[in-house]
Amino acid sequence: MKGSRKGATPPLMQAWLESANADWTPSYPFDSPSVTNEVRGALLAEQRGLCVYCGKRLKLEKPGATFHIEHFRPQSKYEAHACDFQNLFLSCGLKDDEGMPSPTCGNHKQNWFEEECHVAPSYPDCTLRFRFSLTGHVLPTAVDDMAAERMITHLNLNHPELVKDREYVLMLLDEGSLTEDDFFADGKGESYAHIVFQHVGLLMP
Ligand SMILES: [Zn+2]
């Protein structure tokens, strides 16, 4: 799991939340395009451009549903967190790059959530709860970490495409074709940069 270096609620969203009154309560989706844009931008920066779960680079410039604002605690069960910035992240969306239903991340997790058995998406702690084999598979770092196991299952993080992508990236690193510096520039990571940095014993900025 990639996770996020979460910051404070951005200013436009904060003002929007504070404008609540007897006739209007903040709800999601936001009724303000400028708040939506600000939140998206803030989330992208916190996550260094990567999906909070699988760590694939998100393409916000690409129209369509390849990314979405993800409620870590689902809105259906946690209405009070629907507009809580600390509960908002960016993840792979409803569709993949080919326009097919996304088989992983937020779209696979749906409304699953277990308060007693989950890994909070906070970088780098959450990344360190997982290890990656040279075959590209992800496993809990500690064999008895049920929460990490549960996250892998519900986010489908061992989907064959992800496994193949990770195996390739780790191979390029180990054969010396690329280094971690090739995976981070201008405040953003390339796909799976968090795994690359972990593989060489470093943390992504
Ligand atoms: Zn993803």
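A few comments on the model shown:
- Note on the stretch 1-35: among residues that are surrounded by fewer than 17 Cβ atoms within 10 Å (Cβ to Cβ) and part of a helix (DSSP H, G or I), the one that is farthest from the chain's Cα centre (by Cα) is E18.
- Meets criteria (surrounded by fewer than 17 Cβ atoms within 10 Å (Cβ to Cβ), out of contact with any Lys or Arg (no Cβ under 8 Å at 6 or more places or on another chain) and small (G, A, S)) for A82: no
- Selection from the stretch 101-155 of residues that are closer than 23 Å to P74 by Cα, of a type in the set (S, T, N, Q) and surrounded by fewer than 19 Cβ atoms within 10 Å (Cβ to Cβ): Q110, N111, S122, T153
- Enumeration of residues in the stretch 162-205 that are surrounded by 13 or more Cβ atoms within 10 Å (Cβ to Cβ) and of a type in the set (D, E): D165, E167, E180, D182, E190
- Test: M171 is outside any strand (DSSP E or B) and more than 19 Å from the chain's Cα centre (by Cα): yes
- Whichever residue in the stretch 1-25 is closer than 30 Å to P124 by Cα and hydroxyl-bearing (S, T, Y) and, among such residues, is farthest from the ligand (Cβ to nearest atom): T9
- Matching residues in the stretch 37-56 - criterion: being in contact with a helix residue (DSSP H, G or I) (Cβ under 9 Å, 6 or more places away or on another chain) and within 14 Å of the ligand (Cβ to nearest atom): L43, R48, G49, L50, C51, V52, Y53, C54, G55, K56
- When F72, F67 are checked against the criterion of being surrounded by 18 or more Cβ atoms within 10 Å (Cβ to Cβ) and out of contact with any Ser or Thr (no Cβ under 8 Å at 6 or more places or on another chain), a single residue qualifies: F72.
- K59 vs. criteria within 16 Å of K188 (Cβ to Cβ) and either away from the ligand (no atom under 15 Å from the Cβ) or in contact (Cβ under 8 Å) with a residue 12 or more places away in the chain (or both): yes
- Just one residue in the set R73, R48 is over 11 Å from the mean Cα position of the chain (by Cα), among the charged types (D, E, K, R), part of a loop (DSSP other than H, G, I, E, B) and modelled with pLDDT of 95 or more; that residue is R73.
- Where P160 falls short, out of the listed (1) modelled with pLDDT of 95 or more; (2) in contact with a Leu (Cβ under 9 Å, 6 or more places away or on another chain): (2)
- Filtered residue count, the stretch 67-76, keeping only those that are away from the ligand (no atom under 16 Å from the Cβ) and not hydroxyl-bearing (S, T, Y): 3
The values are calculated or read from the model by the stated rules, or taken from the named source; none is laboratory data. Just so it is clear, the model here is predicted, and its values are computed rather than measured. No Cβ is skipped: glycine too gets one built from the backbone with ideal geometry, and neighbour counts run over all protein chains shown.
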